[in-house]
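K.L.:
Quick one: this structure, given as structure tokens, is what I'll be asking you about.
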Ligand SMILES: *Cc1c(COP(=O)(O)O)cnc(C)c1O
């Protein structure tokens with residue numbers, strides 16, 4: 001057996017030929033491939049002492065791994081809020097690996113400037129004020145972690161405590177939220193603020209949106225100095241938006257930090273403009289959004305934005321002489337969690353450049369139209385009920401009394417078919433099915449396929 005010296009490794013020409021075959025096989029499989037593959041199983045194998053070589057990897061990937069991967073990158077995966085990798089971003093992502101830049105600090109390549117411009121373009125895309133700056137993260141969860149940590153830093157500053165330096169044992173704080181995303185709750189835990197120590201603000205009737213009258217009274221009752229409000233734009237089941245204009249007013253009045261989780265809901269702004277449901281998000285202290293959802297770039301890519309970049313720097317600053325930074329701007333490793341960082345900005349930059357605002361808006365609109373088509377069918381059907389009007393790209397529905405199956409069985413059988421994939425949810429205490437459209441590949445005929453299947457299951 002050969003040892004794997006550089007001489008034995010495949011050339012780029014060889015890799016490209018292999019990749020071409022792989023792309024063809026993947027595309028050919030996409031229609032028939034199971035959309036989700038819960039029965040997958042990897043045969044355990046021990047790590048070998050000998051080099052097996054590149055062709056051995058190809059062979060094992062082709063026989064044991066690829067057949068068991070799901071078509072989540074195709075047009076009929078509608079669980080959670082899952083994007084696909086658009087073709088431009090896919091190509092750009094290949095380049096990310098080819099060049100393999102470490103976007104930790106400026107000075108040794110243009111990569112940091114690309115990330116800076118991509119973030120600026122994101123603020124332009126969503127018509128946010130130019131004061132917002134930020135950093136690209138592994139996803140919205142990491143952006144929410146930054147949101148919690150920067151809020152904590154600011155609350156400390158107001159109390160004369162530099163939390164990044166001395167910790168938060170003397171910190172006085174209270175966190176207010178109505179329907180925070182599960183990742184936001186996790187983020188509060190990671191930031192040391194506690195997964196269970198936030199104040200539950202009431203919701204509007206039949207909605208997951210914050211009752212701002214309740215928020216006003218809870219903020220007024222709170223005697224402590226450090227207040228943090230977590231708002232949603234939008235919630236994952238109801239697609240409900242907090243009244244951000246009112247929430248921001250209250251935050252200003254009570255000197256509370258406002259973090260808005262807009263992971264996918266901020267994209268509504270592309271259709272309805274700054275006066276739509278996200279109105280007021282521009283007043284937030286910090287914002288989370290996801291590019292690997294509705295912008296359809298590959299995983300892993302979220303964005304954290306803040307109007308207080310100095311507080312972000314105070315939170316994440318890396319102070320080590322060997323990291324001397326030749327860039328006038330702050331290096332990204334001092335603005336986020338990681339030191340070494342993937343050049344994840346390139347697929348975003350490429351997508352924004354290639355599609356333009358119009359192209360992205362059109363994609364969002366297509367998904368919204370698809371969600372509405374399904375919602376309208378559900379609403380008119382005997383076998384199903386629409387649990388709430390479709391507000392954007394998420395359809396929330398359940399089996400009606402006339403259906404021969406209950407909701408959980410419908411969902412299980414639907415996903416069992418492997419043709420589509422939806423996820424469960426709870427709506428006002430009732431088990432529901434959530435179907436979220438956010439993939440560039442989805443077409444109306446995919447929605448029709450789901451409708452045929454739902455009709456079959458109901459009768
Ligand atoms: C998806 C989502 C998250 C978590 O995002 P990841 O990218 O999976 O980490 C957070 N908040 C909201 C509202 C989301 O929809």
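Where a number appears in this text, it was derived from the coordinates with a stated rule and is not lab data. From a predicted model like this one, the values you see are computed outputs, not experimental measurements. A quick note on method: Cβ atoms are made from the backbone with ideal geometry, for glycine too, and the neighbour counts reach across all protein chains shown.
K.L.:
Take every Cα-Cα distance within region 78-180, group them into 5 Å bins from 0 onward, and report for each bin the whole-number percent of pairs it holds.
P.N.:
P(r) for region 78-180, in whole percents per bin: 2, 9, 11, 16, 19, 16, 11, 8, 5, 1, 0.
K.L.:
How large is the helix-only mean residue ellipticity at 222 nm for the chain, computed as the sum of -39500 (n - 2.57) over DSSP H runs with n ≥ 4, divided by its residue count, in deg cm²/dmol to the nearest 500?
P.N.:
Values: 14 runs with 179 residues, N = 459.
It lands at -12500 deg cm²/dmol.
K.L.:
Only Cα pairs under 8 Å and at least 6 apart count here; give the relative contact order of the chain as a rounded whole percent. Let's see the in-between values first.
P.N.:
Values: 860 pairs, mean separation 97.8, N = 459.
Over the chain, the number comes to 21 percent.
K.L.:
If you restrict to DSSP beta bridges whose two residues both lie in the chain, what percentage is antiparallel, to the nearest 5? Mind dumping the intermediate values first?
P.N.:
Values: 24 of 40 bridges.
Antiparallel: roughly 60 percent of the beta bridges in the chain.
K.L.:
Sticking with this one: What is the P(r) of region 235-296, as percent of Cα-Cα pairs per 5 Å bin from 0?
P.N.:
4, 18, 28, 26, 15, 6, 2, 0
K.L.:
Another one. Would you list 384, 355 from fewest to most Cβ contacts within 10 Å?
P.N.:
Working: 384 23, 355 19.
In increasing order of surrounding Cβ atoms, one gets 355, 384.
K.L.:
A further question on this structure: To make sure I understand, if each residue's beta carbon is the centre and we count other beta carbons within 10 Å, what order do 227, 165 fall in, fewest to most? Each step should come with its number before you reach the end.
P.N.:
Numbers: 227 24, 165 10.
Least to most surrounded, the residues fall as 165, 227.
K.L.:
So what's region 390-452 giving for Rg/Rh, alpha carbon basis, Kirkwood Rh from the mean inverse pair distance? Walk me through the numbers on the way to the answer.
P.N.:
On the way: Rg = 12.0 Å, Rh = 12.6 Å.
Rg/Rh for region 390-452 comes to 0.96.
K.L.:
Measure off 7 Å from each Cα along the Cα-to-Cβ vector at residue 365 and residue 196, then give the distance between these two points in nanometres to one decimal.
P.N.:
Placing both labels 7 Å beyond Cα along the Cβ direction yields 4.9 nm.
K.L.:
Here is a follow-up. What area, in nm² and to one decimal, does the C-alpha convex hull of the chain cast on average over all directions?
P.N.:
Working: hull surface 99.3 nm².
Dividing the Cα hull surface by four gives the mean projection, 24.8 nm².
K.L.:
Give me 420, 166 sorted ascending by neighbouring Cβ count inside 10 Å, so fewest comes first.
P.N.:
Working: 420 21, 166 11.
Arranged by neighbour count, lowest to highest, 420, 166 become 166, 420.
K.L.:
Further, regarding this structure: Convex hull over the Cα atoms of region 263-364, averaged projected area in nm²?
P.N.:
The Cα convex hull of region 263-364, projected and averaged over all directions, gives 7.5 nm².
K.L.:
Over all alpha-carbon pairs of region 144-235, lay out the pair-distance distribution in 5 Å bins, whole %, shortest bin first.
P.N.:
3, 14, 25, 23, 19, 10, 4, 1, 0
K.L.:
Right, here's the next one. Using only the alpha carbons of region 198-237, what is the convex hull's orientation-averaged projected area in square nanometres?
P.N.:
Values: hull surface 12.8 nm².
If I average the Cα hull's projected area over directions, I get 3.2 nm².
K.L.:
A follow-up question, please. For region 25-142, what is the largest minus smallest coordinate of the Cα atoms on each principal axis, given in angstrom and ordered from greatest to least?
P.N.:
Principal-axis extents of the Cα atoms in region 25-142, largest first: 52, 38, 26 Å.
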